[in-house]
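Single-structure report; data block below.
The values are calculated or read from the model by the stated rules, or taken from the named source; none is laboratory data. Since we're looking at a predicted model, the values are computed, not measured. Heads up, the Cβs are rebuilt from the backbone with ideal geometry, glycines too, and the neighbour counts pull from every protein chain shown. Just the protein is used for accessible areas: all its heavy atoms, side chains included, with ligands, DNA and RNA removed. Shrake-Rupley method; radii C 1.70, N 1.55, O 1.52, S 1.80 Å.
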Amino acid sequence: MYKRAGLKGEGLLFLFTDSQVVDERMLVYVNDLLASGEIPDLFAQEDRDEIVNGMRGETKLLGLVDTPENCWATFINKVKANLHVAFTASPVGEAFRVRSQRFLATINSTVIDWFQPWPEVSLLSVARKLLDDVELESEAVRNTVVEFMPFSFAAVNKASKAFFEAERRYNYTTPKTFLELIKLYKNVLNGKCKQTQEAIDRLENGLHKLHKTHSEVDVLVENARAMAIEVEQKVANANVFAEQVGVEKEKVNAENESAKVEADKCAVIAREVSEKQAGCERDLAAAEPLVAQAEAALDTLNKKDLGEAKSLKKPPPGAPQQCSTACCVLRRGCACICTSARP
C-alpha cells in the first residue's frame with residue numbers, strides 16, 4: 001500500500017472498521033499512520049534503500065539534494081497526498097471512548113463525519129431496493145412490507161427514547177440495525193416459505209398416495225367380487241358333489257352290509273370245510289396203513305394168481321369194493337371194473 005501510493009503515485013483508500021480490531025495493538029499503527037503518515041520500522045533496511053533509490057529522480061525535480069533523508073521525506077509526502085484512511089467506529093459502548101483517549105490521532109488528525117439517523121424516505125428507498133428480489137404474492141403486498149420496514153424502525157426509535165426517559169439507559173438503533181432488520185425478515189420469510197413448500201409437497205404426496213390406494217382398493221374390490229362369484233360356484237359344485245358322495249356312501253354302506261353277510265356265510269363254509277378237511281385227514285390217516293397193506297399184498301401177486309382170478313366166474317365178497325378203492329386212489333374211473341366184476 002505504501003509503495004503503490006508513494007512510488008507509483010496511485011490514489012488509495014484504506015478502510016478500517018472497529019469490528020476488524022482483533023488486538024488493541026493494531027490501533028498503534030493506525031495512530032502513527034494518522035499522526036505522521038509514517039509507521040516506524042515498517043520496512044526493512046534493504047526495502048528502505050530500494051525506496052530511496054526510486055525517489056532520487058523526483059527529489060532532484062523538487063530542487064532538493066538526493067540525500068537519503070530528503071528522498072525518504074519525499075516518499076512520505078507522496079504517501080500523505082495519495083493515501084487516505086477511513087476509520088469507522090460505532091459510538092455504542094465504552095470501546096469508542098477508551099480508544100479515543102488512548103489513540104489521540106483518531107480524533108485530532110481526522111475529520112469526523114457523524115452519521116445522523118436516516119430519514120424515512122431513505123429508509124423506504126433502501127427497503128425497496130433490498131426487497132426487490134424477494135418473491136411476494138403481489139405488488140400490493142410488496143408495497144405493504146416495504147412501508148412497514150421504516151415504520152417499525154421509527155417505532156423502535158420512539159420506544160428507545162421512552163426507555164431512556166424511564167430507565168436512563170440507551171438503546172441504540174443504527175442504519176446497520178435497519179439492514180439487519182431487513183435481513184432478518186428475508187431469512188424468516190425464506191424459512192417459512194421452505195416450511196410451507198415442504199408441507200405442500202408432503203400434502204401432495206399424501207394425496208397422491210391416497211388416490212393410488214383408492215384405485216388399488218377399487219381393483220381389490222372388483223377382484224373380491226369376482227372371487228366371491230367363483231367361491232359361490234365352487235360351493236354349489238361342492239354341495240352337489242357332497243350329495244353324490246352321500247349317495248355313493250349309502251351304496252357303499254349297503255354293499256358293506258351285504259359283504260358282511262357274505263363274509264359270515266363264507267366263515268360258516270370255511271368252518272365246515274375245515275371240519276370236513278379234518279375228517280378227511282383222519283380218514284386218510286386211517287386208510288394209509290390199509291393202502292400200505294394193499295401195496296404189500298400187490299407185491300406178492302404173480303401170473304398164477306392173475307390166471308386164477310380170471311377163472312373165477314364170480315368175484316369173492318369184498319373184491320368189487322377193493323377195486324373201486326384202488327381206482328379212487330389211482331384217480332381212475334372204476335365203473336367198468338365194478339360192472340365187469342358183477343355176476
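Before moving on, here are some points about what is shown:
- For the chain, a crude dipole built from +1 on the beta carbon of Lys and Arg and -1 on the beta carbon of Asp and Glu, taken about the Cα centre, is about 1020 debye to the nearest 20.
- Largest GNM mean-square fluctuation across 293, 20, 197, computed for the chain with C-alpha springs under 10 Å, falls on 293.
- Split the accessible area of the chain by element, probe 1.4 Å, and carbon with sulfur accounts for 58%.
- Over 32 Å apart at the Cα level, from the set 161/183; 80/129; 129/158; 161/186, are 80/129.
- Packing, as the average of other Cβ atoms within 10 Å across residues, places the peptides 132-140, 73-81, 181-189, 49-57 in the order 73-81, 49-57, 181-189, 132-140, highest first.
- Net charge over other residues, Cβ less than 14 angstrom from the Cβ of residue 91 (K, R count +1; D, E count -1): 0
- Using just its DSSP H runs of length 4 or more, each adding -39500 (n - 2.57), the chain gives a mean residue ellipticity at 222 nm of -25000 deg cm²/dmol after division by all residues.
- Once the 1.4 Å probe is applied to the protein heavy atoms, the chain comes out at 77 Å² accessible per residue.
- At full extension, residue 264 and residue 285 could sit 4.5 nm farther apart than now, given 0.36 nm per residue minus the alpha carbon distance.
- Among 101, 84, 59 - extreme Cα towards positive end, dipole of region 57-123, charges at beta-carbon: 101
- Positive contributions from Lys and Arg (+1) and negative ones from Asp and Glu (-1), summed over other residues with Cβ under 11 Å from the Cβ of residue 5, come out at +4.
- Cα gyration tensor, the chain - rounded (a/c under 1.5), prolate or oblate: prolate
- In terms of packing, defined here as the mean over residues of other Cβ atoms within 10 angstrom, the peptides 1-12, 234-245 line up highest first as 1-12, 234-245.
- Take each peptide in 246-258, 24-36, count the other Cβ atoms within 10 Å of every residue, and average; sorted highest first, the result is 24-36, 246-258.
- Karplus-derived 3J(HN,Hα), 6.51/-1.76/1.60, for each residue of region 256-269, Hz, glycine and proline x: 4, 4, 4, 5, 5, 4, 4, 5, 5, 4, 4, 5, 5, 4
- Interchain or long-range residues, amide H under 5 Å from residue 14's placed H: 84, 85, 86
- Extension gain for residue 165-residue 20 works out to 48.8 nm (0.36 nm per residue, less the C-alpha to C-alpha distance).
- Gain upon complete extension [residue 292, residue 156; 0.36 nm per residue less C-alpha separation]: 33.7 nm
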